[in-house]
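Working notes for the structure below.
Every read-out reported here was derived from the displayed coordinates using simple, explicitly stated rules and does not represent laboratory data. Just so it is clear, the structure is predicted and the values come from calculations on it, not from any experiment. Heads up, the Cβs are rebuilt from the backbone with ideal geometry, glycines too, and the neighbour counts pull from every protein chain shown.
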Ligand SMILES: [Zn+2]
Ligand SMILES: [Zn+2]
């Protein structure tokens, strides 16, 4: 599987050469539903987890006894996918509809209290050999990201992630059946197993983090484009939409701050923090955008591939995971957008 981002519609550095100083490379991950194995880089796939290492759990105080069952979430999605392939006009049978209603039900599990350990759910794992730009601490070549499938952590009451770096050659026997939480607080925290097709792309800094003067000139340039456009012109170019930050799941690069505006973030050790991972709802905006990979413009329809992981961080935006620039094993910072 390969995914190819088309070249940017124009070279913005030719118009604003100062942007060369605000350029970074990010690695788009291009997840697509698949059947990844523990030795593959994946999103929502099985982790290469040592059989003799305890599975991580969340013991942070928050409600955890009500929600949907993980197998029900997968089954419902499979039924909806199958339905898409039926002949037009063919709907669900009454039996299917009853089954779907059952799968969508929330369940109350035995009252476990507010701090009983909840097994974390795998979100992603990346091997350095398959993901260019993934900077691993010395002696490690694999990063694993898990999260608690309930809200209620941290000052913003959101999810909590657990990031583990390891040396994959020292894994030994792989844990065959990781524990699953009995229920999850939100089905948008259950990633669909996806293979990935990493691709490096060039990005430019988020507009509000550029010097005020440059920002102003870019905005004036965008306004001129708008004035020159014909009324029926579709898909006007913009710095934010097409020329700065790639949408979708990615490693590294720049963070978009489109919801909260930029914030300066520092690790508790005093080092600056850098964008490590973007967990995104959509791989691109609209039906097709300038970021839609060439391969997805053909078959079967572009919108089928724009929400491959079924994850809804920040309820349908993105979750930016920042890591310490000195040591990525220091505590991460989550910024929903
Ligand atoms: Zn939790
Ligand atoms: Zn630090």
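Summary table below
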read-out	value
Degrees separating the helix 212-228 axis from the principal Cα axis of the chain, which is the longest one	80
Ascending count of other beta-carbon atoms within 10 Å, so fewest first, for 199, 192, 228	228, 199, 192
Calculated FRET efficiency for the pair residue 80/residue 1, C-beta based, R₀ 25 Å, to 0.05	0.65
Neighbour-count order for 26, 169, fewest beta carbons within 10 angstrom listed first	169, 26
Between helix 70-84 and the chain: long-axis angle, C-alpha atoms, 0 to 90°, nearest 10	60
Top of 277, 86, 294 by mean-square fluctuation, Gaussian network on the chain, Cα under 10 Å	86
Hypothetical label at residue 170: residues of region 142-160 whose amide nitrogen lies under 19 Å (7 Å Cα-Cβ projection)	142-145
Fluctuation leader among 155, 36, 54 - the chain, Gaussian network, Cα springs under 10 angstrom	155
C-alpha long axis of helix 94-103 to longest principal axis of the chain, angle in °	90
Ellipticity estimate at 222 nm from DSSP helix runs (n ≥ 4, -39,500 (n - 2.57)) divided over the chain, nearest 500	-4000 deg cm²/dmol
For region 198-319: rounded, prolate or oblate by the Cα gyration tensor [a/c cutoff 1.5]	oblate
Separation in nanometres of the label points that stand 7 Å from Cα toward Cβ, at residue 177 and residue 25	4.4
Anisotropy class of the chain from Cα gyration tensor, a/c 1.5 cut	oblate
Gaussian network model of the chain, springs between alpha carbon atoms under 10 Å - residue of 151, 111, 141 with greatest fluctuation	111
Shape call, region 1-95: gyration tensor on alpha carbons, a/c limit 1.5	oblate
